[in-house]
Ligand code: GDP
């Protein structure tokens, strides 16, 4: 992935709206407010490409971006809104399940975990969904700048412990801060 080669393609609310599966793709998932938009903006070098919005309903789309000619970046809707109405949650879960199980060209999911919070129950449910869909996933730790250096290792250990129960987990964590630019070149290289 190179900075500046990314274009928005479309937002999708149903499987029928997905673009043709004519290239490989990687997706990004995470609790709302985890820093997903900021990370995608930092990765792509395009401020405002992924809208930072925390309004449930407005963000219930799967957003597709091209990355060069060979790859799609897929921004999945944030999960775990404190006040999301049940139908919204259920609709999201249904679409996510269909997407993860049915998208042949999906090569890896990046699951974002806030460095201050570690893996929560709602994250763990997504990780189990990825296991059952056999989608290899890798955890991207976000907002690392918000945690004091002396506390960082403890949180990373909590995350590693949580991952050990998930067969689809790629064991290596990517520690990032979109604010400071930490880990962004590493994640670009992996993509
Ligand atoms: P999203 O809901 O997952 O798309 O999260 P956003 O990207 O909108 O970020 C949520 C909030 O966290 C915003 O206020 C961001 O400015 C802040 N944020 C995101 N990434 C970082 C980071 O790396 N460091 C710090 N300190 N704040 C961040």
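The values are calculated or read from the model by the stated rules, or taken from the named source; none is laboratory data. Since the structure is predicted, the reported quantities are computational estimates derived from the model, not experimental observations. When we count neighbours, we look across all protein chains shown, and the Cβ atoms used for this are built from the backbone with ideal geometry, even at glycine.
Observations
- Going through (1) within 13 Å of the chain's Cα centre (by Cα); (2) surrounded by 19 or more Cβ atoms within 10 Å (Cβ to Cβ) one by one, residue 18 falls short only on (1).
- Filter pass, residue 24 being within 16 Å of the ligand (Cβ to nearest atom) and under 18 Å from the mean Cα position of the chain (by Cα): no
- Residues in the range 111-128 that are part of a helix (DSSP H, G or I) and surrounded by fewer than 19 Cβ atoms within 10 Å (Cβ to Cβ) were compared, and the one that is farthest from the ligand (Cβ to nearest atom) is 128.
- Residue identified as more than 15 Å from the ligand (Cβ to nearest atom) and assigned to a helix (DSSP H, G or I) among 152, 160, 108: 160
- For the range 1-30, a tally of residues being touching a helix residue (DSSP H, G or I) at 6+ places or on another chain (Cβ under 6 Å) and either over 25 Å from residue 93 (Cβ atoms) or at pLDDT below 90 (or both) returns 2.
- Residue list for the range 176-185, restricted to those being farther than 15 Å from residue 28 by Cα, surrounded by 14 or more Cβ atoms within 10 Å (Cβ to Cβ) and either more than 10 Å from the ligand (Cβ to nearest atom) or under 16 Å from the mean Cα position of the chain (by Cα) (or both): 177, 183
- For residue 173, the conditions (1) surrounded by 14 or more Cβ atoms within 10 Å (Cβ to Cβ); (2) under 16 Å from the mean Cα position of the chain (by Cα); (3) without any contact (Cβ under 8 Å) to a residue 24 or more places away in the chain all hold with the exception of (3).
- Residue ID - modelled with the highest pLDDT, chosen from residues in the range 72-102 that are surrounded by 19 or more Cβ atoms within 10 Å (Cβ to Cβ) and part of a loop (DSSP other than H, G, I, E, B): 76
- Yes/no for residue 64 being out of contact with any helix residue (DSSP H, G or I) (no Cβ under 9 Å at 6 or more places or on another chain), buried (at least 17 other Cβ atoms within 10 Å of the Cβ) and without any contact (Cβ under 8 Å) to a residue 60 or more places away in the chain: yes
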